[in-house]
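Below is one structure, written out as structure tokens; comments come after it.
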Amino acid sequence: MKTLRTLTVLGLAISSAGSLRANTSGENLLLWYQSPAEKWIEALPIGNGRLGAMIFGGTASERIFLNDITVWSGGPQPNADRPDAWKFLPELRQAIREGRYNDATKLANEHFTSQTKIGKSKYQVLGELTLDFNQAEGEVKNYRRWLDISRAMAGTEYTINGTTFKREVFASAPDKAIVIRLSANKANSLNFTLDLSRSEKAQTRFVSPDTLVMTGNTGENLDYESHVRVIANDGIIKGENDKLTVNHANDVIILLTASTSYIPDYSKGFKGADPSIASDQMKAVSNKTYGQLVAAHLSDYQQYFQRVLIDLGSTKASEKPTNERLAAFRNGENDPSLISLVYQFGRYLLISCSRPDNPLPSNLQGLWAENMKTPWHGNYTININTQMNYWPAEMTALSEMHQPLLRHIQTLVEPGKKTAKANFGPEVSGWVTGHNSNVWGWTSSGDKLPWGVWFGANGWLCQHLWEHYAFTGDKNYLRSVYPTMKEACEFWLATLIEDTDGKLVPSPSSSPENWLVTDNGETSAVDEGTAMDKAIVWELFHNTARAASALGVDDDFRQKLDSVRNRLRPQQIGKAGQIMEWSGDWDLNSKSMDHRHPSHLYALHPGSQISVNTTPALAAAAKKSLELRGDAGTGWSMAWKINLWARLKDGDHAYKLLQNQLAPTSESSMRKPGGTYPNLFCAHPPFQIDGNFGATAGITEMLLQSHEISNDSGRYIIDLLPALPNALPHGSVKGLRARGACEVSIDWEDGELTRVWIKTRTSTIPPIRYAGKYLDPVKDMRIVLVRQEARDSENP
Ligand code: FUC
């Protein structure tokens, strides 16, 4: 962890910068239940980034579903692009220009979709660890299972015939293992059989009296290996029928390691060494005591988790089991600490599924998949979902957790150059990618409209490359990713075309997964210059030009980006006062007014081209668009709307969406989507992790925003409590991060700012805004400024 020397404290002096109220203690950071999980969406997730588990907490038998983030079936599909697609580009563009959208649909489907299906590859469960207990019969009493997100540890506890059984489970990042401890308070009470299995292509054998090894493959491209060892302080361990049996014990440790042959290297076909490293990992972890493993795990996990503390107040409602809390909240019970729990749960999940050295970023499932056929293949869906997974990373001080995505983006560049040439012509430079990617370097289009033909993802991904710099000010890092941003710009510079007014537009262009309906009833999902694509290209050029300036390179190129950006067709307002999603004013013709993707509002969020302060007319139009879409939606859709309403500075509406997202559900379908499962996983349908992350980001956007740039200083503006909902009148948050490499802690009472601590590494003070007005950082006694020494590479 970086240590920074405090140089100057301006304003009110205090001994240490930090919030007065925020604390980590209390039931606030606990999920707990009074019965075992029956379904996967009730089980509790743990993870060390790469290895994950879902714990059911049964009493007669314990089921633990296992995951490794690299366990994928399928393999590279180098022929997915249609190599001659570009030959049909003029025809497609012409059809769009002439308003022959039915023809455009046909051409796009026939020539610009992929030739093979991405669904041949799937993210899959690694396996299942089962413990079948042979214990005295009797009534189970005092049952409780829990997940303590302040310690990243899950547990189960119950009593049978006076014997108390306890289980603790955690996934250790430093020791690369899942660790389980079982104990009973009476001798000879632990008797169980342990099985490690997988329903496809796996063999399990015992290699020594205390160790099982499961090996197998997911097809031709990926081998896996998992070891499980039982260490009993007493009792007898036997291997039999590829299972281990433990008898007459009362204190048992189970260790699990796993690895695969996957490496994130396109040039090597993503194939690395055999996965036997799991065996070395097992040797290393077996040499440690349980106490040592716990200590290493806690200090590793808490260095990240404890950076942000939040306290929104607490009521008696927080004493209920988590599933009952959700139900009571839906029925109107005041439970502000449920919001802080949900907030920190998002951070917990991100730390648990996306450690800095992860070979892959978190996918649609995060890390946790239940079976072989994962919904939507567990893809990296990059028309919203993958990006949303990382919205909270920088702002909630988990910048390191962003790294796996930032690296994954770079693995798309080489295949993305092929995709650019196949669809736009052999002369076209730069890289592009369709709406999905996977672990095998897929950058091609999808297999049909409305999702299949969309090329905006390169720009959206580059937003993440830029944001990491905007939040950290790390110029060495910026230098390393600048070529990827530049090559994405080169693609757009080579492919933008003039519209009838001489403005520049992307074509074909789409608005992810939505259909346009023209006034004469023609439909398509391809157009020119959709609201989203214009906003993405605008922002990509804007950020890349800023990157070039910050690095002091490519002056000509920077000027070109600025001048081409000024020629892009601007966002347009339609007859209902809305942001026009398409090139024509057709939003009101839509057959799905409530479509889940509010893509046309990208410029408001996650982009920053539209804001209440700088472009009030467009902000009002964005509001109208949101009203037209309504509040309903799938899990991530509601989460995006929380962020959008927060950017419109309407905290109450943002909070309403959050309440809707927290509606308890045990089943979610496309007809009745969204809500929150008993284990606090967001229901999409089925489970998709993006909504959890989107909610954490959205709550942050209520408390702190920093996306606007001051005209005077060119610095990011720190906007305090920009969308504080009336439902959260008192609170404090400590350790948030803002663009411009600042750390911000805020206290508020009765809906009013009472104190703010801002740590900055620059000699000048960033502009600070509250309630629409700039604050005087020296005279305003609510502000405590702490200036820190900049690292060499920084100059945000
Ligand atoms: C997009 C969304 C769906 C789902 C899928 C994984 O296709 O429209 O709602 O999130 O990705």
| message | Restricting to the range 283-332, name every residue that is exposed (fewer than 15 other Cβ atoms within 10 Å of the Cβ) and among the charged types (D, E, K, R). | response | K283, K316, E319
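Looking at the structure I just gave you, is S590 at pLDDT 95 or above and either in contact with a Cys (Cβ under 8 Å, 6 or more places away or on another chain) or within 16 Å of the ligand (Cβ to nearest atom) (or both)? Steps first, answer last, please.
Details: at pLDDT 95 or above: yes; either in contact with a Cys (Cβ under 8 Å, 6 or more places away or on another chain) or within 16 Å of the ligand (Cβ to nearest atom) (or both): yes.
Here the answer is yes, as S590 does meet what is asked.
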| A420 vs. criteria within 20 Å of N543 (Cα to Cα), small (G, A, S) and buried (at least 23 other Cβ atoms within 10 Å of the Cβ) | no
| task | State yes or no: is H297 in a helix (DSSP H, G or I) and within 16 Å of the ligand (Cβ to nearest atom)? | result | no
| query | Before we move on, is I536 aliphatic (A, V, I, L, M) and within 25 Å of the chain's Cα centre (by Cα)? | reply | yes
| Going through the range 351-384 one residue at a time, which ones are near the ligand (Cβ under 10 Å from one of its atoms) and small (G, A, S)? | G378
| task | Kindly indicate the residue of the range 505-537 that is among the aliphatic types (A, V, I, L, M) and not in a loop (DSSP other than H, G, I, E, B) and also nearest to the ligand (Cβ to nearest atom) among those meeting that condition. | result | M532
| Residue pairs meeting the criteria (Cβ under 9 Å; at least 6 apart or on separate chains; first touching a residue at least 40 places away in the same chain (Cβ under 8 Å) and within 16 Å of the ligand (Cβ to nearest atom), in the range 687-707; second β-branched (V, I, T) and part of a helix (DSSP H, G or I)) | F687/I41; D690/T386; N692/V342; G694/I642; A695/V342; A695/I642
| For H730, are the conditions met, namely being more than 21 Å from E394 (Cα to Cα) and either in contact with a Gly (Cβ under 9 Å, 6 or more places away or on another chain) or at pLDDT below 95 (or both)? | yes
| message | Please pick out the residue among G313, G346 that is in a loop (DSSP other than H, G, I, E, B) and at pLDDT 95 or above. | response | G313
| request: For residues that are assigned to a loop (DSSP other than H, G, I, E, B) and among the polar types (S, T, N, Q), tally how many sit in the range 711-749. | output: 3
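Among the residues that make up the range 113-130, is at least one of them closer than 30 Å to G57 by Cα and among the small types (G, A, S)?
For the range 113-130, residues closer than 30 Å to G57 by Cα and among the small types (G, A, S): present.
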| From the residues in the range 151-179 that are among the small types (G, A, S) and assigned to a strand (DSSP E or B), which one is surrounded by the most Cβ atoms within 10 Å (Cβ to Cβ)? | A177
| task | Go through the range 528-557 and give me each residue that's charged (D, E, K, R), surrounded by fewer than 18 Cβ atoms within 10 Å (Cβ to Cβ) and at negative phi. | result | D555, D556
| request: For residues that are more than 16 Å from the ligand (Cβ to nearest atom), assigned to a loop (DSSP other than H, G, I, E, B) and in contact with a helix residue (DSSP H, G or I) (Cβ under 7 Å, 6 or more places away or on another chain), tally how many sit in the range 437-490. | output: 2
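Do we find a residue being within 15 Å of Y343 (Cβ to Cβ) and among the β-branched types (V, I, T) anywhere in the range 751-758?
The answer is no, given that none of the residues of the range 751-758 is within 15 Å of Y343 (Cβ to Cβ) and among the β-branched types (V, I, T).
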| note | If we take the range 1-114, then strands (runs of 3 or more DSSP E) inside it with 3 or more residues that are modelled with pLDDT of 95 or more and out of contact with any Ser or Thr (no Cβ under 7 Å at 6 or more places or on another chain) are 51-55, 61-68
| task | Just give me the residues in the range 678-709 being part of a loop (DSSP other than H, G, I, E, B), surrounded by fewer than 23 Cβ atoms within 10 Å (Cβ to Cβ) and at pLDDT 95 or above, in sequence order. | result | H707, E708
| request: Of the numbered conditions (1) more than 15 Å from the ligand (Cβ to nearest atom); (2) touching a Pro at 6+ places or on another chain (Cβ under 9 Å); (3) in a helix (DSSP H, G or I), K624 fails exactly one; give the number of that condition. | output: (2)
| message | All but one of (1) surrounded by fewer than 24 Cβ atoms within 10 Å (Cβ to Cβ); (2) farther than 23 Å from I178 by Cα hold for P356; state the number of the condition that does not hold. | response | (2)
| field | Residue identified as part of a loop (DSSP other than H, G, I, E, B), over 32 Å from the mean Cα position of the chain (by Cα) and either under 22 Å from W32 (Cα atoms) or charged (D, E, K, R) (or both) among K288, K283, K238 | value | K288
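Residue by residue, here is whether (1) farther than 21 Å from M532 by Cα; (2) away from the ligand (no atom under 16 Å from the Cβ); (3) without any contact (Cβ under 8 Å) to a residue 60 or more places away in the chain holds:
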| position | (1), (2), (3) |
| --- | --- |
| V564 | no, yes, no |
| Q571 | no, yes, yes |
| G607 | no, yes, no |
| V612 | no, yes, yes |
| G651 | yes, yes, no |
| Q659 | yes, yes, no |
| S666 | yes, yes, no |
| R671 | yes, no, yes |
| query | Within the range 638-645, is there a residue that is out of contact with any Phe, Trp or Tyr (no Cβ under 6 Å at 6 or more places or on another chain) and assigned to a loop (DSSP other than H, G, I, E, B)? | reply | no
| request: Just give me the residues in the range 112-131 being of a type in the set (D, E, K, R) and over 30 Å from R82 (Cα atoms), in sequence order. | output: E128
| task | Kindly indicate whether W636 is within 19 Å of the chain's Cα centre (by Cα), closer than 23 Å to G346 by Cα and either within 16 Å of the ligand (Cβ to nearest atom) or in contact (Cβ under 8 Å) with a residue 24 or more places away in the chain (or both). | result | yes
| request: Need at least 1 residues that are more than 16 Å from the ligand (Cβ to nearest atom) and touching a residue at least 12 places away in the same chain (Cβ under 8 Å) per element, so show me which helices (runs of 4 or more DSSP H) inside the range 385-436 make the cut, counting only ones lying wholly within it. | output: 391-395, 403-411, 413-424
| query | Which one of the conditions (1) closer than 30 Å to G452 by Cβ; (2) more than 30 Å from the chain's Cα centre (by Cα) does A202 fail to meet, given that it meets all the rest? | reply | (1)
| request: Just one of (1) polar (S, T, N, Q); (2) assigned to a helix (DSSP H, G or I); (3) under 13 Å from A531 (Cβ atoms) trips up S549, so point out which. | output: (3)
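The values are calculated or read from the model by the stated rules, or taken from the named source; none is laboratory data. Values in this document were obtained by computation on a predicted structure and should not be read as measured data. With ideal geometry, Cβ positions are generated from the backbone for all residues, glycine too; neighbour counts draw on all protein chains shown.
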